[in-house]
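One structure is given below, encoded as structure tokens.
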């Protein structure tokens, strides 16, 4: 049995560098395997005022968080409407919008997670069905609600590599163990602390890792970072910004020694990532996410990793996660699981996501 879907995928990650939009044609085929065609793609910067509100959202009041949820829903709708007009895409040709939303709380140990970006507003404004809130069902089933991308890694990109490393706000890995089960988890922070340090130099990010390369390693700080308890935990496990605020950031000075701290944090990420890549037993690893453009970070990971890092074409580096959330929406509409218990630790595979109809 095979079925086709045409879906807009939206992804705005924890590093908040932009909203990635992917117009994707998906072919779900139980016999031949699933496949996709990326038709159009674009990244829209998040306005600075909105980005600052998102950064402080975990500490905001209920009223402020609700207001931000609505503001973000309208921002998503504006971006989608402009995207449809620019590429002359008919709304009637689309089956849905698959929207990750913006995570402002992620506490699976307490039984909840929260991604804002109001789905009802997005559906009403665009006139297109929306699938969002992909993580909550998995957490209800005892899972981490994350990572979700691995089902897309092996559903759509299985011919490209043995394992998949995404370097976004956090670094996460998916691979198949010796039994053939898909395993995945968050390894460590990635772009979030690097961007935060670069901001102290008036930069949005450390382009190509140039500042990091110019610094020197603080072995005292490196030992502190490598000794954090999270790295001793077994998977399934996942990270949120709350962990950064409480465990990671207090160890770092953000008002001095910026280049040295960037170099040290980069080395820390490389050590943690390469360790898990080697532990996975994988030789060919596909690398995507904004961190794949950080030449120095890639050099340091490859320095420690005994296998081969594969950097794909730029569109896949930039838009893989938006493509995957379009895929997750297609699986939801088709009534197929889109989160894996072997990855998240849930009691069973789940068909996650909430569907919002336009209402007319």
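The values are calculated or read from the model by the stated rules, or taken from the named source; none is laboratory data. All values derive from a computational prediction rather than experimental measurement. Using ideal geometry, Cβ is built from the backbone for each residue, glycine included, and neighbour counts are taken over all protein chains shown.
Computed quantities for the displayed model
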read-out	value
Criterion (modelled with pLDDT of 95 or more and crowded, with 21+ Cβ neighbours inside 10 Å) met by exactly one of 269, 310	269
Criterion (surrounded by 17 or more Cβ atoms within 10 Å (Cβ to Cβ), without any contact (Cβ under 8 Å) to a residue 24 or more places away in the chain and in contact with a helix residue (DSSP H, G or I) (Cβ under 6 Å, 6 or more places away or on another chain)) met by exactly one of 349, 294	349
Lone unmet requirement of (1) more than 15 Å from residue 290 (Cβ to Cβ); (2) in contact with a strand residue (DSSP E or B) (Cβ under 6 Å, 6 or more places away or on another chain); (3) modelled with pLDDT of 95 or more for residue 150	(3)
Flag if residue 208 is in contact with a helix residue (DSSP H, G or I) (Cβ under 9 Å, 6 or more places away or on another chain), farther than 30 Å from residue 261 by Cβ and in the same structural domain as residue 249 (by TED's automatic domain parsing)	no
Qualifying position, being assigned by TED's automatic domain parsing to the domain that holds residue 119, within 19 Å of residue 169 (Cα to Cα) and more than 20 Å from the chain's Cα centre (by Cα), among 6, 48, 31	48
Some residue of the range 301-317 being within 24 Å of residue 244 (Cβ to Cβ), within 19 Å of the chain's Cα centre (by Cα) and either without any contact (Cβ under 8 Å) to a residue 40 or more places away in the chain or outside the structural domain of residue 230 (by TED's automatic domain parsing) (or both)	yes
Helices (runs of 4 or more DSSP H) lying entirely in the range 96-201 (those with 2 or more residues that are over 30 Å from residue 248 (Cα atoms) and not assigned by TED's automatic domain parsing to the domain that holds residue 57)	150-156
Scope the range 39-67; condition assigned to a helix (DSSP H, G or I) and touching a strand residue (DSSP E or B) at 6+ places or on another chain (Cβ under 6 Å); matching residues	54, 57, 58
Residue satisfying all of: in the range 114-140; touching a helix residue (DSSP H, G or I) at 6+ places or on another chain (Cβ under 6 Å) and more than 24 Å from residue 94 (Cβ to Cβ); surrounded by the fewest Cβ atoms within 10 Å (Cβ to Cβ) among these	139
Residue within the range 217-224 that is buried (at least 21 other Cβ atoms within 10 Å of the Cβ), assigned to a helix (DSSP H, G or I) and at pLDDT 95 or above present	no
Some residue of the range 43-61 being buried (at least 16 other Cβ atoms within 10 Å of the Cβ), farther than 30 Å from residue 185 by Cα and touching a residue at least 24 places away in the same chain (Cβ under 8 Å)	no
Test for residue 276: is it out of contact with any helix residue (DSSP H, G or I) (no Cβ under 8 Å at 6 or more places or on another chain), in a helix (DSSP H, G or I) and surrounded by 19 or more Cβ atoms within 10 Å (Cβ to Cβ)	yes
Test: residue in the range 333-352 that is part of a helix (DSSP H, G or I) and within 13 Å of residue 98 (Cα to Cα)	yes
